[in-house]
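Encoded as structure tokens, the structure appears first; notes follow it.
The values are calculated or read from the model by the stated rules, or taken from the named source; none is laboratory data. All values reported here derive from a predicted model rather than from experimental measurement. Counting neighbours? That spans all protein chains shown, and the Cβs are built from the backbone with ideal geometry, glycine included.
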Amino acid sequence: MLKGSLIVALGLMSAQAAGFARQAALGFLLGTGPEADALSAAMAPIELWWSVLALTVIFGFVPMLSDSARLGGYSFRSVLKPTMQLAVGSSVLFYVFADPIVSLIAPGLTVEAAELGTRLLRVMALSPAAIGISFAYSALLFSRRRFALASLHHAVVNVGTIAGALLLHAQMGVFGFVWGYVAGAWIQLGLAHLHARQAIPDAFGPDASARKLDLWTLITRPGPILSQALAMELNTAVSRAYASTFGLGMTAAFEYAFKLFRVPMALLVIPLSHSLLPEMSGSNETPAQRRDAVRAMTRAAVLTVAASAGVMAVMILLRDPAVTLLFQRGAFGRDSTEAVSTVLLSYMPVILGRGVADLLSRTLFGMGIYRAPVGAAFAALAVNAAFCTLLPSDDPLMIGVGAVVGFAVSAAWIIRRVRRIGLDDDA
């Protein structure tokens with residue numbers, strides 16, 4: 001488990017490093033101007049879809065493909081076919097509904113920026129098909145405890161985005177970013193396919209005894225996980241939309257700040273939850289197993305809060321020099337630094353509640369417990385949406401208030417449920 005966690009952590013660190021390089025390239029070439037706002041609005045729904053799909057496929061289908069899981073019995077072929085249908089369908093939907101999606105993601109954009117965002121999103125609509133199919137391969141690799149390549153998924157796409165920006169910006173402008181993103185997504189799919197076929201050749205043969213999985217089952221079987229992941233990511237979308245109402249450049253400023261926020265979130269939560277997933281599947285069979293799981297989750301939650309508090313304090317104290325060091329060059333000037341620092345000061349405290357809620361939700365999914373994570377995620381979304389609707393948009397320091405309160409409620413909700421699991425004989 002420790003080895004798996006370290007491998008996932010190294011993969012995520014590579015992805016985050018590439019992500020910072022991507023954001024630095026965006027800052028150097030675009031700053032926080034209208035093109036940066038448009039690009040952030042175009043990338044946001046794809047990244048939201050990515051995060052939802054990652055959690056749904058990995059935590060929904062790894063147990064199905066694991067030999068020891070209660071939900072086992074599905075072959076990789078039975079999972080791959082409906083996943084491909086869903087992935088291609090999502091690309092079509094992003095292309096067709098690009099205009100209203102951009103309007104929802106960033107309602108404060110100017111007309112020109114919104115039109116550019118729509119055109120950019122229609123190009124990026126080529127990527128969800130590749131991303132979705134890649135996650136099916138990732139689920140297979142995780143189920144067999146092969147973590148390395150699947151953990152580099154985001155890194156490959158980020159490197160492709162950087163290459164597209166640097167190679168194509170002079171000829172294509174901001175469209176160089178999105179074409180690089182699309183190329184990176186399809187390259188990752190090719191790598192995942194080749195690696196899985198070499199590492200797990202037996203998974204690609206026919207299996208007459210395997211259970212069948214159609215598209216409807218694919219969507220409804222992990223339905224609670226899909227709902228929880230969607231609510232969590234919509235929380236970010238609500239805060240981003242609220243940020244866009246504070247004027248020119250604030251959509252892009254939120255994206256830079258969120259990149260800094262997401263790094264410790266990823267390194268604190270994802271490695272342990274991913275590497276534990278094969279082990280947690282089926283650990284909800286007896287009261288003794290549940291009590292052991294509760295003790296482990298309690299310790300993990302305490303450590304997550306302690307680590308999150310330390311990271312939060314450092315990031316808030318050093319936010320200005322950190323943003324200056326990472327991004328302030330080229331088109332990213334002092335005004336951009338101040339805008340990102342303000343958003344970071346407002347949003348960074350979210351890490352306390354969200355870190356706990358994310359970690360415990362993923363652990364409960366591994367045990368086959370869904371109600372508490374779903375309820376906690378929608379509680380956070382409702383509180384955040386209410387705050388963003390009711391608070392006047394005149395002070396950027398208000399951007400993170402709804403999310404901070406919402407995830408505090410979410411963490412309290414799920415902690416209460418976890419404490420009851422060890423005492424509930426029919427959890």
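Numbers for the structure displayed
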| item | result |
| --- | --- |
| Hits in the range 119-146 - residues which are surrounded by fewer than 22 Cβ atoms within 10 Å (Cβ to Cβ) and under 19 Å from S103 (Cβ atoms) | R119, R122, V123 |
| Selection from the range 388-419 of residues that are of a type in the set (S, T, N, Q) and under 20 Å from T304 (Cα atoms) | S410 |
| Qualifying residue in the range 342-357 (condition: modelled with pLDDT under 85 and touching a Pro at 6+ places or on another chain (Cβ under 6 Å)) | no |
| Yes/no for V79 being crowded, with 20+ Cβ neighbours inside 10 Å, within 22 Å of the chain's Cα centre (by Cα) and modelled with pLDDT under 85 | yes |
| Selection from the range 343-361 of residues that are more than 30 Å from R420 (Cα to Cα) and surrounded by fewer than 22 Cβ atoms within 10 Å (Cβ to Cβ) | L345 |
| Single residue of the range 320-342 satisfying the filter (of a type outside the set (S, T, N, Q) and either under 30 Å from F378 (Cα atoms) or without any contact (Cβ under 8 Å) to a residue 40 or more places away in the chain (or both)) that is surrounded by the fewest Cβ atoms within 10 Å (Cβ to Cβ) | R334 |
| Candidate set from the range 210-237 (those that are touching a Gly at 6+ places or on another chain (Cβ under 8 Å) and modelled with pLDDT under 75); member that is nearest to W413 (Cα to Cα) | P222 |
| Hey, V178 surrounded by 23 or more Cβ atoms within 10 Å (Cβ to Cβ) and either of a type in the set (V, I, T) or over 24 Å from R77 (Cβ atoms) (or both) or not | yes |
| Any hit, the range 107-129, residues being assigned to a helix (DSSP H, G or I), in contact (Cβ under 8 Å) with a residue 12 or more places away in the chain, over 27 Å from G249 (Cα atoms) and in contact with a helix residue (DSSP H, G or I) (Cβ under 7 Å, 6 or more places away or on another chain) | yes |
